[in-house]
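The structure appears below as structure tokens.
The values are calculated or read from the model by the stated rules, or taken from the named source; none is laboratory data. Keep in mind that what you see is a predicted model, and the values were worked out from it rather than measured. Here the Cβ is made from the backbone with ideal geometry for all residues, glycine too, and neighbour counts use every protein chain on show. These area figures cover heavy atoms from the full protein model, side chains too; ligands, DNA and RNA do not enter into them. Shrake-Rupley method; radii C 1.70, N 1.55, O 1.52, S 1.80 Å.
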Amino acid sequence: MDLVFSSFAPRTRAVIDVLVLPVILFWAVVFIYYGSLFAWESWQDSEISFSLVEATLWPVKAAIPVAGLVLFLQTMALWIRALHFAVTGREME
């Protein structure tokens, strides 16, 4: 896929990114929403692992919505850069 994508002009690649990156944003929001529910339920139930350590699980499960937030922010930055390049034809300063 990279061979095909890299053969396009830079502005065309930016337009494709503007159209495709919202799909990643959607999935990032899904991770944030359902991951938050998952972590919240684990925290409310004081869920622990079934091992000798009996570690608390909610901090590990809380990493899911945090990762979704980081993915969302990074994708938004890429989308804004691609949108700027698609409209103006030059990189952001």
Exercise for review: Determine if the stretch 11-30 includes at least one residue that is of a type in the set (Ser, Thr, Tyr) and touching a Phe, Trp or Tyr at 6+ places or on another chain (Cβ under 9 Å).
Suggested key: no
Point to revise | Neighbours by Cβ (under 8 Å, 6+ apart or cross-chain): first from the stretch 6-33, open to solvent by less than 70 Å² (accessible area, probe 1.4 Å); second not in a helix (DSSP H, G or I) | key: Ile16/Phe8
Review point. Taking the stretch 41-81, which residues are in contact (Cβ under 8 Å) with a residue 40 or more places away in the chain and open to solvent by less than 80 Å² (accessible area, probe 1.4 Å)?
Key: Gly68, Leu71, Phe72, Thr75, Met76, Leu78, Trp79
Study note, to complete from the structure: Looking across the stretch 82-91 at residues that are out of contact with any Pro (no Cβ under 8 Å at 6 or more places or on another chain) and touching a residue at least 12 places away in the same chain (Cβ under 8 Å), the single one that is most open to solvent (accessible area, probe 1.4 Å) is Leu83
